[in-house]
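The structure appears right after this line, and notes come after that.
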Ligand code: 6PG
């Protein structure tokens, strides 16, 4: 009999997803560009499973029941287009291709249109959760036509992570919306990673804490309603892991240059295109760019050295580093708030019709940014699906109002000490701007009108005005 499910691309994610599908009762067939990889898998992790291999795409397609359900886990970009081109000739009406990679949402938009117009189904699906998530239950963000989604709903709901109110997958919306939502997920991921890195840097440099002590703090934070999350949990682990050979903290042996594969950049570009303010997320992206300037930094550190860092109040382990905790909470809230704002705006501008509470629900389990806060975010959007920003929700508003002084204190003292805290400080500016009724952009408007007659609006009467500034 023919297999229920096909997978192309036996990288770690592909392998784990096919093992997940098989465990959930879907007999599978796998294809990889180099057949030796397929053989290796079938004789290794795939051994004794209801999974067979195919040496050619034609054989692969022939081994699948119709309508075919095929998941591609290949590199985003030209590699994905090549697979689509190569397999298209063998597909028949109603067959469905799913792209589970981190594709650019505009590429997905184009592919959905092309393939759907040929009577094939095409789903662009964000998959989050790393290798372990893929195997045990990822969070999935599928976008495309509703009919295509319906054809794979039972497969996806079985494979997905489960939380108290259901599986972490749901129809996201049309076109490239699934990959768009995954991109924004990654933008938030960049933000939170950088915030936690800043907290680590402050504890290490100001307080002289060691890995084990800092790990303890992240352990305390992981037990709070505000910060309990996967990223805090793994930070606790990372900081308490020793190098097997030297016995030192591994983290201290790692080169301080962060890589990136594109999704953080796409998030920021999309936000700017949509006119959404995302300073915390942008700061995390820029921090990675700065980190890559290792040689320059080591040179300039010698010509403009920092002063000796004086100890300042970040709290103690016994109080869970209270001021620092408050700062981290607000920056984390800001990352989510900015990400959700991008989604709200994209939903309107790109006609995605996104269901905001449902997206928060999908992210509650399986994915990298899963956290307790997402339940609060889900509640907030359930109460008001048109919420302009999380800051307008009572619960979040109160969090911000009560923790803002400590954020300001941590940022000002860090700045004075010469320690960069890009995500914390841009969060402070974001929140301070948000709560300022009158910003100085009246002067910007005056300058624009002065040199370019761009005109301005007034606060005392309606209309568009121009002043003869140069008399
Ligand atoms: C996930 C992750 C993952 C992603 C990297 C990208 O949700 O499981 O987002 O899909 O590939 O984390 O991040 P970098 O740009 O930092 O490599």
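The values are calculated or read from the model by the stated rules, or taken from the named source; none is laboratory data. Because the structure is predicted, anything quoted here is derived from the model rather than measured. Ideal geometry is used to build each Cβ from the backbone, glycine not excepted, and the neighbour counts take in all protein chains shown.
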- Message: Just to verify a result, which residue in segment 305-333, among those that are at pLDDT 95 or above and part of a loop (DSSP other than H, G, I, E, B), is farthest from residue 411 (Cα to Cα)?
- Response: 320
- Message: Within segment 168-187, does at least one residue satisfy the condition of being outside the structural domain of residue 289 (by TED's automatic domain parsing), within 16 Å of the ligand (Cβ to nearest atom) and either surrounded by fewer than 20 Cβ atoms within 10 Å (Cβ to Cβ) or part of a strand (DSSP E or B) (or both)?
- Response: yes
- Could we say that residue 218 is part of a helix (DSSP H, G or I), within 16 Å of the ligand (Cβ to nearest atom) and buried (at least 20 other Cβ atoms within 10 Å of the Cβ) here? no
- For residue 302, indicate whether it is surrounded by fewer than 21 Cβ atoms within 10 Å (Cβ to Cβ) and in a loop (DSSP other than H, G, I, E, B). no
- Test each condition in (1) more than 30 Å from residue 191 (Cα to Cα); (2) surrounded by 14 or more Cβ atoms within 10 Å (Cβ to Cβ); (3) within 40 Å of the chain's Cα centre (by Cα) for residue 427 and report the one that comes out false. (1)
- Query: Here are some conditions: (1) assigned to a helix (DSSP H, G or I); (2) crowded, with 24+ Cβ neighbours inside 10 Å. Residue 71 meets all but one. Which one does it not meet?
  - Reply: (1)
- For residue 261, indicate whether it is in contact with a helix residue (DSSP H, G or I) (Cβ under 6 Å, 6 or more places away or on another chain) and within 13 Å of the ligand (Cβ to nearest atom). no
- Please enumerate the residues belonging to segment 458-471 that are surrounded by 11 or more Cβ atoms within 10 Å (Cβ to Cβ) and either out of contact with any strand residue (DSSP E or B) (no Cβ under 7 Å at 6 or more places or on another chain) or in contact (Cβ under 8 Å) with a residue 40 or more places away in the chain (or both). 466, 467, 469
- Note down all Cβ pairs under 6 Å where the first residue falls in segment 258-272 and is more than 13 Å from residue 283 (Cα to Cα) and in the same structural domain as residue 194 (by TED's automatic domain parsing), the second is within 12 Å of the ligand (Cβ to nearest atom) and assigned to a loop (DSSP other than H, G, I, E, B), and they're at least six residues apart or on different chains. 263/102
- Item | Residue match in segment 13-28 (condition: farther than 20 Å from residue 139 by Cα and either crowded, with 21+ Cβ neighbours inside 10 Å or outside the structural domain of residue 107 (by TED's automatic domain parsing) (or both)) | yes
- Considering only residues of segment 369-392 that are surrounded by 21 or more Cβ atoms within 10 Å (Cβ to Cβ) and closer than 20 Å to residue 278 by Cβ, which is nearest to the ligand (Cβ to nearest atom)? 369
- Query: Residues of segment 126-158 being crowded, with 16+ Cβ neighbours inside 10 Å and within 12 Å of the ligand (Cβ to nearest atom), which ones?
  - Reply: 126, 127, 128, 129, 130, 133, 134, 138, 139, 140, 141
